[in-house]
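Asker: Sending over a structure as structure tokens; questions will come in a sec.
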Amino acid sequence: MVLNKTQKYAVKIIFYLAKQNYEMCSATKIHQELNIPYKYLTRLLTRLSKDNILSVHKGRDGGFVLQKKLNEIFLSEIIECVSDEDVGFNTCILNDEVCNRESPCTLHQKWSDIRRDINTFFQKTSLEDLQEEGIFH
């Protein structure tokens, strides 16, 4: 399972802001630091703000900051916020269709187990967990 570009960018943005120790960061600064196309970045920041993952402060000294504590932000929340499709990874890995018990592909059972583990990881892993593991600091 691979995250799409939008999901990767969202996680990257949140990791970056988590490293800033709750200091305000402008979209321009985030753009320069992460090299995410500016228009794309601002759309992601808007989505993350609307879902209350980020706080936005307007004005000259405004910017974006994490709205919650690190132990309250889970990877699943970040990914779901910016995802247009189902995040349950239900698409078959052999073709573009949805696998199910009634019409499974040859890898359905193995993929189901992996998919369950991935979903559990995203749902139970907070930014604080990742910080403690040294993923970012």
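The values are calculated or read from the model by the stated rules, or taken from the named source; none is laboratory data. Please read these numbers as outputs of a predicted model, since none were measured by experiment. Cβ atoms come from the backbone with ideal geometry, glycine included; neighbour counts cover every protein chain shown.
Asker: In this structure, is ILE13 of a type in the set (A, V, I, L, M), touching a Phe, Trp or Tyr at 6+ places or on another chain (Cβ under 6 Å) and over 30 Å from ASP113 (Cβ atoms)?
Answerer: On the way: of a type in the set (A, V, I, L, M): yes; touching a Phe, Trp or Tyr at 6+ places or on another chain (Cβ under 6 Å): no; over 30 Å from ASP113 (Cβ atoms): yes.
So ILE13 fails the test.
Asker: Continuing with the same structure: Looking at (1) under 21 Å from GLU80 (Cα atoms); (2) modelled with pLDDT under 95, can you tell me which one ILE36 breaks?
Answerer: (2)
Asker: Of the numbered conditions (1) modelled with pLDDT of 75 or more; (2) loosely packed, with under 13 Cβ neighbours inside 10 Å, LEU107 satisfies every one except a single condition; which is it?
Answerer: (2)
Asker: Something else about it: For the list (1) in contact (Cβ under 8 Å) with a residue 40 or more places away in the chain; (2) over 14 Å from ILE73 (Cβ atoms), I need the number of the one condition that ALA10 fails.
Answerer: Every condition holds for ALA10 apart from (2).
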